[in-house]
1. Thr60 is checked against (1) touching a helix residue (DSSP H, G or I) at 6+ places or on another chain (Cβ under 7 Å); (2) surrounded by 17 or more Cβ atoms within 10 Å (Cβ to Cβ); (3) modelled with pLDDT of 95 or more; (4) not in a strand (DSSP E or B) and fails just one. What number does that condition carry?
2. Of the residues Ser119, Ser140, only one is modelled with pLDDT of 95 or more and among the hydroxyl-bearing types (Ser, Thr, Tyr); which?
3. Just checking, how many residues over the stretch 252-292 are surrounded by fewer than 15 Cβ atoms within 10 Å (Cβ to Cβ) and in contact with a Phe, Trp or Tyr (Cβ under 7 Å, 6 or more places away or on another chain)?
4. Out of Leu182, Leu167, which single residue is under 15 Å from the mean Cα position of the chain (by Cα), at pLDDT 95 or above and part of a helix (DSSP H, G or I)?
5. Going by the structure shown, is Val49 at pLDDT 95 or above, surrounded by 15 or more Cβ atoms within 10 Å (Cβ to Cβ), within 27 Å of Asp232 (Cα to Cα) and in contact with a Pro (Cβ under 8 Å, 6 or more places away or on another chain)?
6. Please find, among Thr60, Thr71, the residue that is touching a strand residue (DSSP E or B) at 6+ places or on another chain (Cβ under 7 Å), assigned by TED's automatic domain parsing to the domain that holds Val49 and touching a residue at least 40 places away in the same chain (Cβ under 8 Å).
7. Across the stretch 116-134, what is the total count of residues that are crowded, with 22+ Cβ neighbours inside 10 Å and outside any loop (DSSP other than H, G, I, E, B)?
8. Between a first residue in the stretch 122-138 that is closer than 22 Å to Asp85 by Cα and a second residue that is in a loop (DSSP other than H, G, I, E, B) and of a type in the set (Ser, Thr, Tyr), which pairs have beta carbons less than 6 Å apart while being 6 or more apart in sequence or on different chains?
Amino acid sequence: MKSLNDGKSTDASPPSGQGIVHLGNFRDHVTHDGSSGFPAEPGRYHLYVSHACPFSHRVTIVWALRGLAQTIGLSILHPRWDASDGWVFGESAMSTIDHGGSGFACLRDAYLASRPQYSGRVCVPVLWDKVRRAIVNNESLDIALMLNGEFVAHNPAPQPDLYPDHLRAEIDALNARISRFLANGVYDIAGARDQADYDRVTSQVFSILDELERNLRKGGPFLFGQAITIADILLFTPLVRFDAVYAPLFRIGRKRLADYPALTAFMERIYEIPEIAATVHFDQILAHYYDSDWSIPLQRGIVPSLPAMTWHHPKAATRTGIC
């Protein structure tokens, strides 16, 4: 079950390209003063996340960095996405029975409880309101920013502000580009319709990686200097999956993350933060991408870009006269 149509399960999914990644359909906000109708009360909200999904991973990192374990509960969906039920709960080392008190067997149940006639994707992350028994929000960046800013009064100790006022305009601009050209861009490569489409989106992905590599060489240690921000988290989650999943499975050629020294050093710095390291579960990432029913079919007529190889010099072959 990839989505719901008027409350009914459907296997319909976008044929390719731009529909693979999409915005959430629930966009209410929790506020510290309750002005939105969703006050930031400890124990009221619950997160449904997947350790496998890069967008869900953003939320889990912020939840961990802001020390919200005692304020907002967290349940883990099983990484092996099932065609009939989609994201499911379960008692295993890779998932949890729904401990949010709802009794849901799969994430679809939360969507139907919120909107019985819901039409759209059933996706993670989900911020669930246990009082209203409804989804507040299922857009990852919205939820991450709420966790960062609206629950400050309930943090057990001072925590890093990942979205400081004086940097917000710059962070927003960079976040938009990381999301469009990298986090979403790798999926655009996977869903490319033809060789021209593949070449175009591949160039966009490597253009922003080249840019970020140059910027980190000049500055650092993080994207905006000495302190980690939400932009670093948005960059970290797709890069964690780049060499292990996206490059081989989505047929991304040219370069690996390992070919970018500054970005590799950046990843090492981020991963040295204990709270972040604890959110990285490669067993679940690999199980989801390589052993689930959702996987993106390979498109005939598309071949990947040749990877950069230090020993390979294309002009040398032409000089031999062999063709």
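1. Every listed condition holds for Thr60 apart from (1).
2. Working: Ser119 fails: modelled with pLDDT of 95 or more.
Every option except Ser140 fails the conditions.
3. The total comes to 1.
4. On the way: Leu167 fails: under 15 Å from the mean Cα position of the chain (by Cα).
Every option except Leu182 fails the conditions.
5. Working: at pLDDT 95 or above: yes; surrounded by 15 or more Cβ atoms within 10 Å (Cβ to Cβ): yes; within 27 Å of Asp232 (Cα to Cα): yes; in contact with a Pro (Cβ under 8 Å, 6 or more places away or on another chain): yes.
In short, yes.
6. Numbers: Thr71 fails: touching a strand residue (DSSP E or B) at 6+ places or on another chain (Cβ under 7 Å).
On inspection, the qualifying residue turns out to be Thr60.
7. Result for the stretch 116-134: 3.
8. Val124/Ser50
The values are calculated or read from the model by the stated rules, or taken from the named source; none is laboratory data. Note that the structure is a prediction, hence the values are computed from the model and not measured. Glycine also receives a Cβ, built like all others from the backbone with ideal geometry; neighbour counts cover every protein chain displayed.
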